[in-house]
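A.B. asks: Take a look at the following structure, please.
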Amino acid sequence: MLAESLVTDVILAALSTGGDFAEVFMEDTRGTNLRMLNGSVEEGISGRDFGIGIRIFQGFRSVYAYTNDASRENLLKVAKEAAAALSGIQQVTSVVLERLVVERFNPVRLEPDQVSHKDKVGIMKRAHVAATGYDKQITQVAITYLDTDQHVLIANSEGLFAQDRRIRTRLGINAVASKGNEKQSAFRGPGRHMGFELFDRIDVEEIARDAARSAVTMVNADYAPSGKYPVIIDNEFGGVIFHEACGHGLEATSVAKGASVFSGKLGEQVASPLVTAVDDGTIPNAWGSQNIDDEGTKTRRNVLIENGILKGYMVDRLNGRRMNMEPTGSSRRQSYKFAPTSRMTNTFICAGTSTKEEIISNTEYALFARHMGGGSVNPATGEFNFAVAEGYIVRNGKIEKPVRGGTLIGQGSQILQKIDMVASNLATGQGMCGSQSGSIPTDVGQPTIRVSEITVGGRKEAN
């Protein structure tokens, strides 16, 4: 890590042309990425990513530069070159750094370098055997293993000097089922902000068999009907719709520019009274949790929507200036190569009072989206298009049959208003979220919910 005296000198060099705020972010990350296809390890990558980012503010203007040369001469050179993009007279002539005591609520028992590659591959083999053994229609299984160990140092001209360590572990299982010329796949990707002890907490075989079950079920399913009708979205990764169609619109990155349907709507009813939504970066060992964000602000539980009322946004330091709001511990970046901005951590719709069984039994006709797939969204409008990875038709209060190929089409803000039942079975799923500050780990989640009407794309008319 960099000496405090050097960090101080770099900050002052960055402020030499009139900047009013400067920040240094240093990262040292080691990671392992293994890929197994049909039982054989095809790829194994272990590496190190090291570098320093320097950011300067002047009012609402921002300049960012980065380097992986940590020598004093080079860091001062990069800081002065970044400062040259601004013009003015240096106002800040001294900086006193104070070490932040970082509360650590993501304990790690087995660090990545304490576990052999043999043991890591052993986990992958267990998943492979469970998935391939589920059914003869499983024709391909791809397993990925990932761990990262990231050390960060964050310092700024307001006197902050903070250090943190983040260890994450994840397993990816993709099962492919075939029937004639048709193929269907299913993915499961459990991960946590913890070490190899993750595999003491999850049932690898059960998760692998569930991926295989989903793929086999879908390859034998009829096609989903199209039309406008109710949709029941299951818990866990079903929360990806809120994350994509609404969550990005609640980030200050878009709100500050007026490029969000939620801009200027604090205190207004934006969702059904049944909906309370939260972004919480403090959940111990959750995939998207951090002790501090990538600006050194302590993470916290941010209530975004409460009983349908818009209560807050996710705010980073720069956009907080534009909005006259304090940062909310929501600033994140993929690595030192990216300037940070407001991003989600663990974002979910809170539990309601119904049960999943009550929702299904009280529904005359609907599409039940048990697992969601990929999709696209326009953050400015909230318009989305999501694939249903595993779907079923509900008729007369019972699950009737599986269907595939369904697509949910709509606008996030409208869907929020049409949620008319919320179950109590809150669960989360893990994913990687991409935005202007890169790809970052995030949890999405919700209980089972029912939306009174969504446009469903399919291959035949609903009946």
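Computed from the coordinates by the stated procedures, all read-outs in this text should not be read as laboratory data. As the structure is a computational prediction, the values presented were derived from the model and not from experiment. All Cβ positions, glycine included, derive from the backbone under ideal geometry; neighbour counts span all protein chains shown.
A.B. asks: Would you mind classifying the range 4-219 by shape? Square roots of the alpha carbon gyration tensor eigenvalues, ordered a ≥ b ≥ c; an a/c under 1.5 is rounded, otherwise it is prolate if a/b is larger than b/c and oblate if not.
C.D. replies: Cα axes put the range 4-219 in the prolate bin.
A.B. asks: Let me ask something additional. Kindly state, to the nearest 0.05, the FRET efficiency for Gln90 paired with Asp119, given R0 = 51 Å and r defined as their beta-carbon distance. Don't skip to the answer; put the middle values down first.
C.D. replies: On the way: r = 54 Å, r/R0 = 1.06.
Calculated transfer efficiency: 0.40.
A.B. asks: To continue, here is another question. Can you compute the modelled spin-label distance between Gln163 and Asn396, with each label point 7 Å from Cα toward Cβ, in nm?
C.D. replies: Output for this residue pair reads 6.8 nm.
A.B. asks: In addition: Which FRET efficiency value, to the nearest 0.05, is calculated for Asp9 and Glu206 with the Förster distance at 51 angstrom and r the Cβ-Cβ distance?
C.D. replies: Details: r = 55 Å, r/R0 = 1.07.
The formula returns an efficiency of 0.40 here.
A.B. asks: Here's something else I'd like to know. Roughly how many whole Å is it from the C-alpha centroid of the range 348-393 to that of the range 222-291?
C.D. replies: The range 348-393 and the range 222-291 have Cα centres spaced 12 Å from each other.
A.B. asks: Let me ask something else. Once each part is reduced to its C-alpha centroid, what is the distance from the range 406-453 to the range 139-187 in angstrom?
C.D. replies: Distance between centres, Cα-based: 20 Å.
A.B. asks: Counting alpha carbon pairs within less than 8 Å and at least 6 residues apart, what relative contact order, in whole percent, applies to the chain?
C.D. replies: Details: 1292 pairs, mean separation 74.9, N = 463.
Once divided by the residue count of the chain, the mean separation gives 16 percent.
A.B. asks: Return one number: the angle in degrees, 0 to 90 and rounded to the nearest 10, between the long axis of the Cα atoms of helix 117-132 and the longest principal axis of the Cα atoms of the chain.
C.D. replies: With rounding to tens, the tilt is 20 degrees.
A.B. asks: Does the chain come out rounded, prolate or oblate by the C-alpha gyration tensor, with a ≥ b ≥ c the root eigenvalues, rounded set by a/c under 1.5 and, if not, prolate when a/b is larger than b/c and oblate if not? Before the final figure, lay out the partial values.
C.D. replies: Details: a/c = 2.44, a/b = 1.48, b/c = 1.65.
Oblate, because a/c is 1.5 or more while a/b does not exceed b/c.
A.B. asks: Let me ask something additional. Answer with one residue from Leu160, Asn235, His371: the one whose Cα lies farthest towards the positive end of the charge dipole of the chain, charges on Cβ with Lys, Arg +1 and Asp, Glu -1.
C.D. replies: The one lying farthest along the dipole's positive direction is His371.
A.B. asks: Using a Förster radius of 41 Å, what is the FRET efficiency between Arg459 and Ala259 based on their Cβ-Cβ separation? Nearest 0.05, please. Working shown, then result.
C.D. replies: Values: r = 35 Å, r/R0 = 0.86.
In this case the efficiency is close to 0.70.
A.B. asks: Apply the a/c threshold of 1.5 to the C-alpha gyration tensor of the range 163-312 and tell me whether it is rounded, prolate or oblate.
C.D. replies: On the way: a/c = 2.57, a/b = 1.28, b/c = 2.02.
Note, shape of the range 163-312 comes out oblate.
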